[in-house]
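Below: one structure, written as structure tokens.
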Amino acid sequence: MTWGRTRKTQPDTSDAWYLLIAYSGGFATGNIVGIWLESHLALGSELVRTVSGNLQADLGHALRSRGYSVTALSGKGDDGRPVEVNYVVVKRREVPKLLSIVPALDPEAIWTRSDVKGPPVGAVGSLRAGLLN
């Protein structure tokens, strides 16, 4: 069996410490610029989950009346009381508006949000309509 000589894939930076600093600075700057661009372009969709223990507020119905598409579930809180869990998928640009409406409708409601990976908002309805025609 013959072993070939291996070549270094990285340059020797033991004498050029400033190259490591420059590389690290460029990497960090790229991350910061990318995060800033993503937040300001606001492309894509987000899932907003609301949990409300105030069933009289009927948060799901109130959000639907404002034009949001809401999937509502019934659940039980940690103390056994009934809660309403709502899922709303919206364009990322619309999230601040939605999150300002939720506390106005039910100040005790909690919410979370997460990124959605999949078809864009409204695409499922469009696909379903296309399949039925």
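Could you pull out every residue, at least 5 positions away or on a different chain, whose amide H is within less than 5 Å of the one on Ser45? Hs are placed 1.01 Å off N in the peptide plane, and Pro or chain starts have none.
Long-range HN contacts for Ser45: Arg92, Val116.
Using unit Cβ charges (K, R positive; D, E negative) and no other charged atoms, how large, in debye to the nearest 20, is the dipole of region 45-117 about its Cα centre? Walk me through the intermediate numbers first.
Values: 11 positive and 9 negative charges, 84 e Å.
That gives a dipole near 400 debye.
I need the Kirkwood Rh of region 45-117: take the reciprocal of the average 1/r across all distinct C-alpha pairs and report it in angstrom.
Values: mean 1/r = 0.0816 Å⁻¹.
Every distinct Cα pair counted, the radius reaches 12.2 Å.
Quick note: the coordinates plus some simple rules give every number you see, no bench work behind them. As the structure is a computational prediction, the values presented were derived from the model and not from experiment. Neighbour counts are summed over all protein chains in view; Cβ atoms, including those assigned to glycine, are modelled from backbone coordinates with ideal geometry.
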